[in-house]
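The values are calculated or read from the model by the stated rules, or taken from the named source; none is laboratory data. Quick caveat, the model's predicted, so the values are computed rather than measured. When we count neighbours, we look across all protein chains shown, and the Cβ atoms used for this are built from the backbone with ideal geometry, even at glycine.
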Amino acid sequence: ATPAATMVGTALGAQNGVLFKGGDVLERVQSVDTVVFDKTGTLTTGEMTLTDVVALDRTAADGGERTDGSRGTSELRSDGGAVASGGGADAETTPAETRLLRAAASAERGSEHPLGEALVDGAAERGIDLTHPETFESVPGHGILASVDGHRVLVGNRALFDREGISVDAAESTIEDVASQGKTPVLVAIDGDFAGVLGVGDTVRETAKETVQELLDRGLGVRLLTGDNERTAAAVAAELDIPSGCVRADVRPEEKAEVIDSLRTPGTRVMMVGDGVNDAPALAAADVGVAVGSGTDVAIEAADVTLMRDDPSDVVKAINISEATLQKVK
Ligand code: ADP
Ligand code: MG
C-alpha cells in the first residue's frame, strides 16, 4: 500500500479501536486464511466465578472415621447446585466444602491465575477465612502446590494429578459434569488424597458467536487453542459453532507457538488472537498477532494489532479496514 493508504487505514483503525502497528501489518491482515482464537479472556470475558463446590466426603458412608485406614466407600457429595449462584443467601456450605475451599483458596492466594482469583473470591463470598500458605509453588499450565496449615495441598488440572500420582477416579462423573457445561473443573488434593472438585465458570463474550460465523461465511478457517481441558474446550466450541475438528485443548504454554507454526503451511496465513502471557509466543509466531486490549502487556507487545474494545468482532473490522485500504490503492 502507498504511505497515504496506510495512513488512512491506520487512522480508520484507531477510530474503530483497532490499533495496527505499522503499514505492513495492515497489508498482512487481508491475506489471512485462518484465525486461531485463545479461549479464556479472548472468546470469553475471563472473569471467572466459582460455581460448584463438590467435596469428597470420606465419612458420608459410615458416619465416622475408618479405623482400618481403607478408603472404602468414599463418594463425592454433590451440592445439587445450591452453591451455584456465587454466594447467594441460601448457599449453605457444609464443613467438608468449607475445608476443601479453604485449603484450595488459601493455596491460590499468591496466584495470579484467573482460576486462582476465582477461588479466593468464591471463598470470600462464602465467608470462609483464608490463611497464608507456608509454601507455594506455581506450576505453569498445571496449577499450584502449596502447604496450608501444615497440609500439603494440590490445586489444578488432571495433568498435575497425573504428575503427582494422585487418582481422580472417584470424581470422573463430577469432572465430566462440570466440563460439559463449559466450566473448568479444578481438582483438589489434601495430603496426597483426592479431596474434591471446584467448578469455575466464565462467560462467552457477546459477539463471539457472530464473529465465528462471519469468519466462516467468508471462507476463513476458525480454530480454538487453549490450555484448558478437552471437554471444557469442546463445550465452548460447540456453543460458538467452531467445528469440532478445529479445537486444540490441553496445550501447554510453551506449545502454543509450535501449534501456530504447524498451521503456517505454505499458502496459509495465520492470525492468532489472544490475551495472556501464555499467548505471547504464539502471537509473535503468527503472520498476524492480535491482542485483546485488556490483555497482558506482554501479549500486547508481542502482537501486531490491538483490539481496544476487547470485542472479538473487531477482528472482522480489522479485516474489513485492511481490505478497504488496499482496494483504494489498486
Ligand atoms: P488457560 O489460561 O488457557 O486455561 P494455562 O496454561 O494457564 O491455560 O492453564 C492450563 C490449565 O492448567 C488450566 O485450565 C487449569 O486447569 C490449570 N491451571 C493452571 N494454573 C492453575 C491455577 N493457578 N489453579 C488451578 N488450575 C490451574
Ligand atoms: Mg487467555
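Would you call Arg163 among the basic types (Lys, Arg), within 19 Å of Asp57 (Cα to Cα) and more than 16 Å from the chain's Cα centre (by Cα)?
It is false that Arg163 is among the basic types (Lys, Arg), within 19 Å of Asp57 (Cα to Cα) and more than 16 Å from the chain's Cα centre (by Cα).
Determine which single condition Ala234 fails, assuming it passes every other condition in (1) away from ligand 2 (no atom under 15 Å from the Cβ); (2) over 13 Å from the mean Cα position of the chain (by Cα); (3) crowded, with 17+ Cβ neighbours inside 10 Å; (4) not polar (S, T, N, Q).
It is condition (2) that Ala234 fails.
Evaluate the range 35-44: report whether one residue or more is in a loop (DSSP other than H, G, I, E, B), within 31 Å of the chain's Cα centre (by Cα) and either buried (at least 20 other Cβ atoms within 10 Å of the Cβ) or more than 16 Å from ligand 1 (Cβ to nearest atom) (or both). I'd like the intermediate steps shown before the answer.
Filtering the range 35-44 down to residues in a loop (DSSP other than H, G, I, E, B) leaves none.
No, every residue in the range 35-44 fails to be in a loop (DSSP other than H, G, I, E, B), within 31 Å of the chain's Cα centre (by Cα) and either buried (at least 20 other Cβ atoms within 10 Å of the Cβ) or more than 16 Å from ligand 1 (Cβ to nearest atom) (or both).
In this structure, does Thr184 turn out to be modelled with pLDDT of 95 or more and surrounded by 24 or more Cβ atoms within 10 Å (Cβ to Cβ)? First the steps, then the outcome.
Working: modelled with pLDDT of 95 or more: yes; surrounded by 24 or more Cβ atoms within 10 Å (Cβ to Cβ): yes.
Against the criterion (modelled with pLDDT of 95 or more and surrounded by 24 or more Cβ atoms within 10 Å (Cβ to Cβ)), Thr184 qualifies.
Answer yes or no: is there a residue in the range 207-216 that is hydroxyl-bearing (Ser, Thr, Tyr), crowded, with 17+ Cβ neighbours inside 10 Å and away from ligand 2 (no atom under 15 Å from the Cβ). Talk me through it step by step, then tell me what you get.
Step one: list which residues in the range 207-216 are hydroxyl-bearing (Ser, Thr, Tyr), which gives 207, 211.
Then keep just the ones that are crowded, with 17+ Cβ neighbours inside 10 Å; that gives 207, 211.
Narrowing the set further to residues that are away from ligand 2 (no atom under 15 Å from the Cβ) leaves 207, 211.
The answer is yes; a qualifying residue exists.
Can we say Ala103 is at pLDDT below 95 and either in a strand (DSSP E or B) or crowded, with 16+ Cβ neighbours inside 10 Å (or both)? Can you show your working first?
On the way: at pLDDT below 95: no; either in a strand (DSSP E or B) or crowded, with 16+ Cβ neighbours inside 10 Å (or both): yes.
In short, no.
Mind checking whether some residue in the range 270-280 is in contact with a Pro (Cβ under 8 Å, 6 or more places away or on another chain), among the small types (Gly, Ala, Ser), within 16 Å of ligand 1 (Cβ to nearest atom) and in a helix (DSSP H, G or I)?
No, that holds for no residue.
Asp202 - would you say it is more than 23 Å from Ser313 (Cβ to Cβ) and either touching a residue at least 12 places away in the same chain (Cβ under 8 Å) or assigned by TED's automatic domain parsing to the domain that holds Leu160 (or both)? Show your work before the answer.
Working: more than 23 Å from Ser313 (Cβ to Cβ): no; either touching a residue at least 12 places away in the same chain (Cβ under 8 Å) or assigned by TED's automatic domain parsing to the domain that holds Leu160 (or both): yes.
No; evaluated as a whole, the condition is false for this residue.
Could you tell me which of the residues Thr6, Thr2, Thr34, Thr45 is in contact (Cβ under 8 Å) with a residue 40 or more places away in the chain, out of contact with any Asp or Glu (no Cβ under 6 Å at 6 or more places or on another chain) and under 23 Å from Thr265 (Cα atoms)? Write out each step before concluding.
Details: Thr6 fails: under 23 Å from Thr265 (Cα atoms); Thr2 fails: under 23 Å from Thr265 (Cα atoms); Thr45 fails: under 23 Å from Thr265 (Cα atoms).
Matching residue, one of Thr6, Thr2, Thr34, Thr45: Thr34.
Kindly provide the set of residues from the range 283-314 that are surrounded by 24 or more Cβ atoms within 10 Å (Cβ to Cβ), touching a residue at least 40 places away in the same chain (Cβ under 8 Å), among the small types (Gly, Ala, Ser) and under 20 Å from Thr45 (Cα atoms), ordered by number.
Gly295, Ala303
Only one of these conditions is not met by Leu224: (1) among the aliphatic types (A, V, I, L, M); (2) within 16 Å of ligand 2 (Cβ to nearest atom); (3) assigned to a helix (DSSP H, G or I). Which number is it?
The failed condition is (3).
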